[in-house]
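J.: Got a structure for you, questions after.
All of the numbers you see were taken from the coordinates with simple rules; none came from a lab. Computed from a prediction, not measured in an experiment: that's the story for all the values here. In this analysis, Cβ positions are derived from the backbone assuming ideal geometry, glycine residues included, and neighbour counts consider all displayed protein chains.
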Amino acid sequence: MPGWCAYVPEAPYQTHIANNVDQPEINTCESQHNALVRAATRSSPGYAVSGAVVVICSRHCMIRRNGAGDLQKGEKYCNVDFVIFAALVGITLLRIVLTYDIACQWSKNFRKRMEDFPSEMKIPDTTQVEVAIPGWHINGHGESCRDNFNLSYMDGVGRTVGEDVETTWAGTNPLAPSVREMGPAARHDTLNDHWNGWNFRKIVGFRKLFAKRFEEASKMSAKQTETFEQLSATFPPETVSKWKTMVARWDANPKAPNPYAEPKSTTTLQDVRLVLAQQDAAQIALGRLPRHKVSMTTFLMTGFELEDSQYLLRCEAAQMKGLRSSKQLADLQEKRNGLLRLIQNWRAVQLVYIPHVASLLAQSSSAPDS
């Protein structure tokens, strides 16, 4: 029977889609996720369905009842809205956290769009609804999204990542060659049966899963608490108190200043480089030539570049742990030799502009573990 399993009731679902086919979906996000880019793409020629949207419980990775619906033309808001509201019918909670790849855009006018649904599908006004972007997908978003839709910054969500829906698709995708040739009813029955089996296997494995997660949570809670206390002890108590107040204020009111947002610097490395170059030009115009053929500005910029090269070479060496061929070892050694020559040449210039470094280098070379 339609609506008795994972798929939503087809008749009201299609009616809602028909009534909102021209619903505006303006994208102001900096990301280029497929859910945004292809939201208005046409369905594949010859197919009535371009995909499916599912709603799962992120804590247990189980498909919700009435938590699936067909897509006709990309991930349109009208499709996603109906499936989410249908999956939440009958649930009475004080707080709901919804994760979605494009939650930054989909959440706009969320309450306003909900007004088009029947009363039994609406989320009560007393329920606090929060949205976030899953932990992996958020890396493809801009700074604003990473600051305001990050699960790591939300209170009460634990270590939820929100990416379990991808494992659901990994288990469902092998059915694609079969269900794509089926009629609507057979397709729904097949996917309903598959997702019922998926949920059953999850329930059977809960005993081991919960025991494993409880043990891990107990150990990591103690470890992270100790680490946090050690870090907090390195700052003055008044500073820590100020930070805690900022976090509490932001948790209570998302419109308050975000304590996790990095302060934006208006001065870049290239800005500093320009100022130093202008100062060099002014000194040369006055007849004050540098003490070395390498100017102070070039010396400083070369130092930054050498640091970057050291980091990249260290990362490359770390990736080559284990079995290495003679060619790999030779290539790595040649890169090290080349970098060492550059550093030695830079050291010679360093002694001109920073003479005191000679004594520091001598102390470092004479240390027992140098």
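J.: Name the residues whose placed amide hydrogens come within less than 5 Å of the amide hydrogen of residue 62, ignoring near sequence neighbours (fewer than 5 apart) on the same chain.
T.: The answer is 57.
J.: Measuring from centroid to centroid over Cα atoms, what is the spacing of the stretch 73-135 and the stretch 207-253 in Å?
T.: Answer, in whole Å: 30.
J.: What is the distance, in nm, between label points placed 7 Å from the Cα along the Cα-to-Cβ direction at residue 178 and at residue 166?
T.: A separation of 2.6 nm, rounded to one decimal place.
J.: In whole Hz and in residue order, list the ³J(HN,Hα) couplings for the stretch 192-198 that follow from phi through the Karplus curve 6.51 cos²θ - 1.76 cosθ + 1.60, θ = phi - 60°; x for Gly and Pro.
T.: Going residue by residue, I get 4, 5, 5, 6, 4, x, 4 Hz, with x marking Gly and Pro.
J.: What distance in nm separates the simple spin-label points at residue 15 and residue 289, each placed 7 Å from Cα in the Cβ direction?
T.: For residue 15 paired with residue 289, the spin-label model returns 9.0 nm.
J.: Per DSSP H run of at least 4 residues, take -39500 (n - 2.57); add these up for the chain, divide by its residues and hand me the 222 nm value, nearest 500 deg cm²/dmol.
T.: -17000 deg cm²/dmol
J.: In debye, nearest 20: dipole of the chain around its Cα centre with unit charges on the Cβ of K, R (+) and D, E (-)? Write out the running numbers ahead of the final one.
T.: Values: 42 positive and 38 negative charges, 165 e Å.
With Lys and Arg at +1 and Asp and Glu at -1, about 800 debye.
J.: State the extension gain, in nm to one decimal, for the chain segment bounded by residue 274 and residue 240, taking 0.36 nm per residue of separation less the distance between their alpha-carbons.
T.: Values: separation 34, 0.36 × 34 = 12.24 nm, distance 3.73 nm.
Full extension from residue 274 to residue 240 adds 8.5 nm.
J.: For residue 112, list the aspartates and glutamates whose Cα falls under 20 Å from its own Cα; do not include residues on the same chain fewer than 8 positions away.
T.: 22, 25, 75, 81, 120, 125, 130
J.: For the chain, what is the percent of antiparallel DSSP beta bridges, rounded to the nearest 5? Can you show the working numbers first?
T.: Working: 6 of 13 bridges.
If we restrict to bridges inside the chain, about 45 percent are antiparallel.
J.: If we sort 329-337, 48-56 on the protection proxy, mean other Cβ atoms within 10 Å, highest first, what's the order?
T.: Values: 329-337: 12.1, 48-56: 18.4.
Answer by packing, highest mean first, reads 48-56, 329-337.
J.: Another question about this same structure. Would you pull out the residues with amide H under 5 Å of residue 51's amide H, same chain only if 5 or more places away, H placed 1.01 Å from N?
T.: 71
J.: I need the per residue convex hull volume for the stretch 208-252, using only the alpha carbons, in cubic angstrom as a whole number.
T.: Per-residue hull volume (Cα only) is 72 Å³.
J.: Taking 1 over the mean of 1/r across every pair of different Cα atoms in the chain, what Kirkwood radius in Å do you get? Intermediate results must be reported in sequence, preceding the final value.
T.: Numbers: mean 1/r = 0.0378 Å⁻¹.
One decimal place: 26.4 Å for the Kirkwood radius.
J.: Apply the Karplus curve 6.51 cos²θ - 1.76 cosθ + 1.60, θ = phi - 60°, to the phi angles in the stretch 263-275 and return the couplings in whole Hz, x for Gly and Pro.
T.: x, 7, 8, 8, 10, 9, 4, 5, 5, 5, 4, 5, 4
J.: Sequence neighbours fewer than 8 away in the same chain don't count; with that in mind, list the lysines whose C-alpha is under 24 Å from residue 335.
T.: The reachable lysines, counting only those whose Cα sits under 24 Å from residue 335, are 321, 327.
J.: In addition: Rg and Dmax in Å for the stretch 269-366, alpha carbons only: what are they?
T.: 17.7, 59
J.: How about residue 208: which lysines have a C-alpha closer than 24 Å to its C-alpha, ignoring those fewer than 8 places off in the same chain?
T.: Qualifying lysines at Cα under 24 Å: 219, 223.
J.: Let me ask something else. Would you be so kind as to identify which of 127, 228, 298 lies farthest towards the positive end of the dipole of the chain, taking Lys and Arg as +1 and Asp and Glu as -1 on Cβ and the Cα centre as origin?
T.: 298
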